[in-house]
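Trainee: Handing you this structure, nothing more for now.
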Amino acid sequence: MMVSSLKATNFRNFEALAAAFAPGVNIFYGDNGSGKTNFLEAIFTLCLARSQRGAPDAVLLKSEADYYRLQGRVESAGREAEIAVAFERGGRKRIAVDSVAVRAAELYAQLCLVAAGPEDSEILAGPPAARRLFLDIYLSQMAPSYLADLTDYRKALAQKNAALRSEMDPSPFEPLLIACGARVIRARKAFLADLAPLAADRYQAVSSGESVATAYEPGVAMEPDETESAAIEGAFELSLGAAREREMATRTALVGPHRDEVAFSIGGLPARSHGSQGQWRTAAVCLKLAVYELLQRKRKVTPILLLDEIFAELDALRSRQLMEILGNGGQIFLTTAGEPPRSISRGARRFRIARGAIEEAA
């Protein structure tokens, strides 16, 4: 997979941006605040019609602009297509592939990419919502059925919450909630089971032997080793019954994958409370590299890799070990305020971002 070009209008701090890219490594230099992270966000939004940082479309609009538009050429499975993503303030997002309107789900089915940056520390140290966002973005690329189940689950959840707020009986919405929610839980459990050993291996290699572990804590009381949808549905139904009075009292749904948690530990201690900034950052990068490898394996393609200042807090040894893991020949977009390791910058195409503009550097 590769993005060969991008045009951005009124996206974040870019009023009008246009650039063409190399199939290998593309390095983007710029001072802090110049828009390097926004540029990677534009690439991600072009490919999947959403921000990897979870930002709503209204926030992606340049200040005082009425719309944003992203347009670019993307190659996948030997076929090149022109993708356009546009959003108008107060309106709906529009997505097109070769000028034909499509839904976001079609982008997830065709394209895949992984983004790693400073905000990923939130996966280790932030609120549970940050970990669920991580699961949803990458599982949706892994399996189109997951995105469909998640979408249906959210619709049923919104209907149930509306009924609870109105002091109405929420039970008519629960069969769909249970069916879709059980499949979401099952997919998350399987994904983390595959991801955890890969992330542990990557972290151990980069951190010279230190360990990282991952544990899934579903928002439904169930047996830890349960993997069958029917059994998860049964556990979901029992959990809803047990929480009925509390849900009616709080007027909000308290059971389901919207309450899922993922617990990370580093060196045997809870990462959220005992990890350092450096450990969070390193573990997050290794987690994303594990996702990258898993996507390669499951999708049979090489994802695009977006790396935002990932060497800023890594020492020379960890940077070198990380570069050995990255040596796979796929397309990489790398932002930096300084000079990245020579092993990745050798032969790379270089760009400079400043004052909302981008130009190729010598």
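Trainee: Report the full-extension gain for the segment E80 to D66: residue separation times 0.36 nm, less the Cα-Cα distance, to one decimal in nm.
Mentor: That works out to 2.1 nm of additional length.
Trainee: Taking the Cα centre of the stretch 1-133 as origin, sum charge times position over the Cβ atoms of Lys and Arg (+1) and Asp and Glu (-1), and report the length of that vector in debye to the nearest 20. List each step's numbers first, then the result.
Mentor: Working: 16 positive and 15 negative charges, 60 e Å.
So the dipole magnitude of the stretch 1-133 works out to roughly 280 debye.
Trainee: If you only keep lysine pairs separated by 8 or more in sequence, or across chains, how many in the chain come under 23 Å at the Cα atoms?
Mentor: For the chain, the number of qualifying lysine pairs is 13.
Trainee: So, one more: Using +1 at the C-beta of Lys and Arg and -1 at the C-beta of Asp and Glu, which of L40, A148, G219 has the Cα lying farthest in the positive direction of the dipole of the chain?
Mentor: The residue sitting most towards the positive pole is L40.
Trainee: Using Cα pairs closer than 8 Å and at least 6 residues apart in sequence, work out the relative contact order for the chain, in percent.
Mentor: So the answer I get is 26 percent.
Trainee: Can you give the FRET efficiency for A20 and A148, using 1/(1 + (r/R0)^6), R0 = 41 Å, r = Cβ-Cβ distance, to the nearest 0.05?
Mentor: Result of the calculation: an efficiency of 0.75.
Trainee: So if I place +1 on the C-beta of Lys and Arg and -1 on the C-beta of Asp and Glu, and nothing else carries charge, what would the dipole magnitude of the chain be about its Cα centre? I want it in debye, nearest 20. It would help to have the intermediate numbers written out before the result.
Mentor: Numbers: 44 positive and 44 negative charges, 162 e Å.
My answer is approximately 780 debye.
Trainee: Can you pull a Stokes-Einstein diffusion coefficient for the stretch 115-300 at 37 °C (0.692 mPa s), Rh from Kirkwood over Cα pairs, as a whole number of µm²/s?
Mentor: Working: Rh = 17.3 Å.
Taking Rh from Cα pairs, D becomes 189 µm²/s.
Trainee: Subtracting the Cα-Cα distance from 0.36 nm times the residue separation, let me have the gained length for K155 to D194 in nm, one decimal.
Mentor: 11.2 nm
Trainee: Relative contact order (percent) for the stretch 242-318, with alpha-carbon contacts under 8 angstrom and 6 or more residues of separation?
Mentor: Normalised by residue count, the contact order of the stretch 242-318 is 16 percent.
Trainee: While we're looking at this one, here's another question. I want to check the label-to-label distance for E228 and A337. Put each point 7 Å from Cα in the C-beta direction and report it in nm to one decimal.
Mentor: 5.6
Trainee: Calculate the spin-label point distance for A242 paired with R103, positioning each point 7 Å from the Cα along the beta-carbon direction, and give it in nanometres.
Mentor: For the pair R103/A242, the computed spacing is 3.5 nm.
Trainee: Restricting to Cα atoms and excluding each atom paired with itself, what does the Kirkwood estimate give for the chain in Å?
Mentor: With all distinct Cα pairs of the chain included, I get 21.6 Å.
Trainee: Once the piece of chain linking S276 and T250 is laid out straight, how much longer is it, given 0.36 nm per residue of separation minus the C-alpha distance between them? The partial results should precede the final answer.
Mentor: Numbers: separation 26, 0.36 × 26 = 9.36 nm, distance 3.59 nm.
Contour length minus the Cα-Cα distance gives 5.8 nm.
Trainee: Residues with amide H under 5 Å of E261's amide H, sequence separation 5 or more or different chain, H placed in the peptide plane at 1.01 Å from N; which?
Mentor: The list, which skips near neighbours in sequence, is E217, G219.
A short reminder: the numbers here are calculations on the coordinates, not readings from a lab. As the structure is a prediction and not an experimental result, all values here were calculated from the model. Don't worry about glycine lacking a Cβ; one is built from the backbone with ideal geometry, like all the others, and counts go over all protein chains shown.
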